[in-house]
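Notes to accompany the following structure.
The values are calculated or read from the model by the stated rules, or taken from the named source; none is laboratory data. Owing to the predicted nature of the structure, the values given are computational and were not obtained by experimental measurement. When we count neighbours, we look across all protein chains shown, and the Cβ atoms used for this are built from the backbone with ideal geometry, even at glycine.
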Amino acid sequence: MGKFTEDSRKLLEYIGGKENIQAVTHCVTRMRFVLHDQSKADVEKIEALPSVKGSFTQAGQFQVIIGNDVADFYNEFSAISGIEGVSKDKVKSEAKAQQNPLQRAMTNLAEIFAPLIPAIVVGGLILGFRNIIGEINFLENGTMTLAESSQFWRGTFDFLWLIGEAIFHFLPVGITWSVTRKMGTTQILGIVLGLTLVSPNF
């Protein structure tokens, strides 16, 4: 008997049995289930299992938090249930099929904009720092900015505008790239479309 054999048996029972599982996979810390009927899952009993640290439902997936041992738990659960796991993308597509049209639209938008978040955050931080050194008067009794105080800070102020402006000015390129990536089409065509949208000749 393995370390998680008993908890795996109970999880299979509390989640509604094998016939209630449409698809299953795992990530770094969680078991991810797509269930035929989520109301059959007994959340209180599942969260009371010693190996389980919590559970929640997100984007049509019932997720059970196991922790760093999730891979071992998943292997024992698969052996007991007789259910072969599928890829994360397959679980996402199965879960999406259970969502209503509005939920599917919101999920698609989230998947498109998620890869762009780091660039947007960095751009915002750069422009915020630029405003601090170029717009706030905290030198010479509140009459001078850092950019006005030295050539170095003036150069930094101008250079940061180059980076920050580029991120937001060319954001349509990132959006069209992400859309084509999401649709599984040729990504360079999305980049070309984005460049067309920001072209001065458009």
Inset, instruction - Output the residues belonging to the stretch 30-61 that are over 22 Å from Lys3 (Cα atoms) and either among the hydroxyl-bearing types (Ser, Thr, Tyr) or not assigned by TED's automatic domain parsing to the domain that holds Ser81 (or both). - result: Ser39, Thr57
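Just to be sure, is Leu139 within 16 Å of Val198 (Cα to Cα) and surrounded by 11 or more Cβ atoms within 10 Å (Cβ to Cβ)? Steps first, please.
Values: within 16 Å of Val198 (Cα to Cα): no; surrounded by 11 or more Cβ atoms within 10 Å (Cβ to Cβ): yes.
Answer is no for this residue.
Restricting attention to the stretch 1-18, and to residues there that are touching a strand residue (DSSP E or B) at 6+ places or on another chain (Cβ under 9 Å) and in contact (Cβ under 8 Å) with a residue 60 or more places away in the chain, which single residue is surrounded by the most Cβ atoms within 10 Å (Cβ to Cβ)?
Pass one, the stretch 1-18, residues touching a strand residue (DSSP E or B) at 6+ places or on another chain (Cβ under 9 Å): 11-12, 15-16.
Those left that are additionally in contact (Cβ under 8 Å) with a residue 60 or more places away in the chain: 11-12.
Working: Leu11: 26, Leu12: 18.
Within the stretch 1-18, the match that is surrounded by the most Cβ atoms within 10 Å (Cβ to Cβ) is Leu11.
Consider the stretch 19-51. How many of its residues are farther than 22 Å from Glu84 by Cβ and touching a residue at least 24 places away in the same chain (Cβ under 8 Å)? Break it down stepwise before answering.
Going through the stretch 19-51, the residues farther than 22 Å from Glu84 by Cβ turn out to be 39, 42-45, 47-50.
Now drop any that are not touching a residue at least 24 places away in the same chain (Cβ under 8 Å), which leaves 42, 45, 49-50.
Selection size over the stretch 19-51: 4.
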Inset, instruction - Residues that are free of Cβ contacts under 8 Å to residues at least 60 places away in the same chain and under 30 Å from Ala110 (Cα atoms): find the helices (runs of 4 or more DSSP H) completely inside the stretch 127-202 holding 2 or more of those. - result: 151-169, 171-183, 187-198
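Let's see how each residue does on (1) of a type outside the set (D, E, K, R); (2) loosely packed, with under 13 Cβ neighbours inside 10 Å; (3) touching a Pro at 6+ places or on another chain (Cβ under 8 Å):
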| site | (1), (2), (3) |
| --- | --- |
| Leu146 | yes, no, no |
| Gln151 | yes, yes, no |
| Phe159 | yes, yes, no |
| Glu165 | no, no, no |
| Ser178 | yes, no, yes |
| Asn201 | yes, yes, no |
Legend entry - Within the stretch 112-165, considering residues that are out of contact with any helix residue (DSSP H, G or I) (no Cβ under 7 Å at 6 or more places or on another chain) and small (Gly, Ala, Ser), the one farthest from Gly190 (Cα to Cα): Gly142
